[in-house]
1. Which links in 343/392; 437/645; 198/255; 527/625; 437/494 stretch past 26 Å when you go from one Cα to the other?
2. Below 9 angstrom from the Cβ of residue 539, what's the summed charge of the other residues (Lys, Arg +1; Asp, Glu -1)?
3. Give me the net charge for the shell around residue 126: Cβ to Cβ below 14 angstrom, other residues only, Lys and Arg +1, Asp and Glu -1.
4. Can you run phi through the Karplus equation (6.51, -1.76, 1.60; θ = phi - 60°) for the range 363-379 and list ³J(HN,Hα) in whole Hz, with x for Gly and Pro?
5. Would you tell me the accessible area of residue 579, worked out with a 1.4 angstrom probe on the heavy atoms of the protein chains, in Å² to the nearest 10?
6. For an R0 of 51 angstrom, estimate the FRET efficiency from the Cβ-Cβ distance between residue 103 and residue 352 and round to the nearest 0.05.
7. Answer with one residue from 286, 53, 107: the one whose Cα lies farthest towards the positive end of the charge dipole of the chain, charges on Cβ with Lys, Arg +1 and Asp, Glu -1.
8. Could you compute the net charge surrounding residue 77? Neighbours are other residues with a C-beta less than 15 Å from the C-beta of residue 77; K and R count +1, D and E count -1.
Amino acid sequence: LGLDMEELEEIEEDAGLGNGGLGRLAACFLDSMATLGLAAYGYGIRYEYGIFNQKIRDGWQVEEADDWLRHGNPWEKARPEYMLPVHFYGRVEHAATGAKWVDTQVVLALPYDTPVPGYMNNTVNTMRLWSARAPNDFNLRDFNVGDYIQAVLDRNLAENISRVLYPNDNFFEGKELRLKQEYFVVAATLQDIIRRFKASKFGSTDSVRTVFDSFPDQVAIQLNDTHPAMAIPELMRIFVDIEKLPWNKAWDITKQTFAYTNHTVLPEALERWPVDLVEKLLPRHLQIIYEINQRHLDHISSLFPNDVDRLRRMSLIEEGGTKRINMAHLCIVGSHAVNGVAKIHSEIVKTQVFEDFAALEPEKFQNKTNGITPRRWLLLCNPGLAELIAEKIGEDYVRDLSQLTKLHEFVDDDLFIREVAKVKQENKVKFALYLEKEYKVKINPSSMFDVHVKRIHEYKRQLMNCLHIITMYNRIRRDPAKLFVPRTVIIGGKAAPGYHMAKMIIKLINAVAQVVNNDPVVGSKLKVIFLENYRVSLAEKVIPATDLSEQISTAGTEASGTGNMKFMLNGALTIGTMDGANVEMAEEAGEENLFIFGMRVEDVTELDREGYNAQEYYDRLPELKQAIDQIKSGFFSPKDPDLFKDVVNMLFHHDRFKVFADYEAYVTCQEKVSELYLNSKAWTKMVIRNIAAAGKFSSDRTIKEYARDIWHVEPSDLKIPPPNEPRDAAEDKTPNGTAA
């Protein structure tokens, strides 16, 4: 047709229906489940407006609505025939037949299906996203005053449920609309699952078993963090109130059905819904949660008589001030399996955050280290590297990433070393051209591309990177003749619109960039770029071009991280703390093949015990003092010298993430990075060792572990015959008794 495929791909909008790692992990999981031939569904909300588009104006983040559906979405298919009602508000009537939830407001959930193809196996799964619709009699059925126009306009109130994604990453905002969203997706999805179960041969009644005895054998539901936690009381409501199952039987089936993945240990991220809000919006669910809690606490009392403090710690209800429901506790009690997302994180979950629960049922707690799909994060985004690998070890590694270990044989192969370096250089040139086009800055493609892209958060310590940039800048100015390994530092990511400190961090990075990039003494030795509107499609461009990956969270704060894995697979080296999956990356590649620095979890704990005193680092480290003094004095904000006083004040007086404590180790480690970068061959050999060790971090491996240890299903590598092949011929190849 004379069209350019790349040009077409650029036009298509990202479906930015998540905030960061959590949503992107779900997308990788869907790809792996389809590729492994699992009969799996991804359920979520079809937000009309996804994560905001970020504009940088005068160094500040400005948000714009992400009207991603403006030109339509060709991949989705509306399924009005499966539309379902979801109830809110109302009251509970108790009768001899049981509880009835009455006088509710109804919102309709309209499903949109998006196909999820497996890799070259003719399997296509479904992602089903719900959109909120007002029923046609909305506001018209109640003996109303006859304001028909207003009644129709008020349909928006119901349809607002799926209007917009809450843009917080690792932060809980207890808003009524957010709770509505959480219940909306849960209620629609459970009805859909039960409809499908009843329609299948397993849902049929026979003389012995009740209809739902086989439910946990046929259905597994994985809770992606606590956001869908209301599924637990909702399934209980369906079983007890509607299907009339006895409580104990309903609870047993519910527990066997659900499993819960914890994604964060930051206290401000844990969902704690006010009881009075839940009582207003979902009165029957509150009663069920109270009943679950009562039985839970009775059980603990029987095991630990008179231990009132244990009861307080383990209750689903937090007393004191406003009563709140601890959704993580609800998920643990209502699930048969609980997992963290990296070894170190799962240990912290077991020994610190939920230690009482783990002491009670240690067998419930597991680890499932996160992974990424090599289809998107290697084949699609880095075809040059993917092909180079295929030439050496064949193409099978795409479905079995553990085969990357075969690359160890070529770590001393001079030709291979040169070709790996050449692919990286080509990716850097291509990205440099993109940056020049978008940002009008001239980039030196032979400089080290030092990249820090992720959501902006204090725990991820973009500020520490910023202090290193200032330190490099000061060193160049102090001795311009001295050899300096040229760097292009690229930082990108969105700050939650209400997160003041994160927005100040963006402004600071841009203010520093302004000074550094326009200092003639520095020239092309050091350039700083803040990448606007970081998103999946931009990650696919920057990651293959990266030399150094920044993974520098305070030890014990990043549950896993998945960007770290993408960089490793794409031939970048990692500078990082012993946090999240970095620990396992170092374990796989050998610690000597990563640039590991800074406090370990034990050191952080110890520092907390003795008390972190930022001032003492400032007094002891002249380069740190100089950098902070420059920020404080307005060197980077001459028009407004006090601009960054909040940032400086935080670093001295309430820095929970101890930037100063790791600063010296970080700078020293960065010197080692520069030193190795001078030796292109040694650098590239380390790159090859990293790629060869990246196999563990395929989401295929992660999903196989969930399937085996939690869902109890078998992956199938049967290639379903294509539709053009006659079915009877295909059936001869299928072994007897194969069930999806």
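The values are calculated or read from the model by the stated rules, or taken from the named source; none is laboratory data. All figures in this text were calculated on a predicted structure; none of them were measured in a lab. Virtual Cβ from ideal backbone geometry, glycine too; neighbours counted across all protein chains shown. Keep in mind that these areas ignore ligands, DNA and RNA; they rest on the heavy atoms of the full protein, side chains included. Shrake-Rupley method; radii C 1.70, N 1.55, O 1.52, S 1.80 Å.
1. Values: 343/392 32 Å; 437/645 35 Å; 198/255 19 Å; 527/625 22 Å; 437/494 21 Å.
From the list (343/392; 437/645; 198/255; 527/625; 437/494), the Cα-Cα distance tops 26 Å for 343/392; 437/645.
2. Working: positive: 24, 535, 541, 566; negative: 540.
In short, +3.
3. On the way: positive: 46, 77, 79, 128, 196; negative: 31, 76, 113, 192.
Combined, the nearby Lys, Arg, Asp and Glu give +1.
4. For the range 363-379, the Karplus-derived couplings read 5, 6, 9, 9, 10, 9, 5, 4, x, 10, 7, x, 5, 6, 8, 9, 4 Hz, x marking Gly and Pro.
5. The accessible area of residue 579 comes to roughly 0 Å².
6. Details: r = 44 Å, r/R0 = 0.87.
It comes to 0.70.
7. 53
8. Numbers: positive: 46, 79, 128; negative: 76, 81, 113.
Summing Lys/Arg as +1 and Asp/Glu as -1 gives 0.
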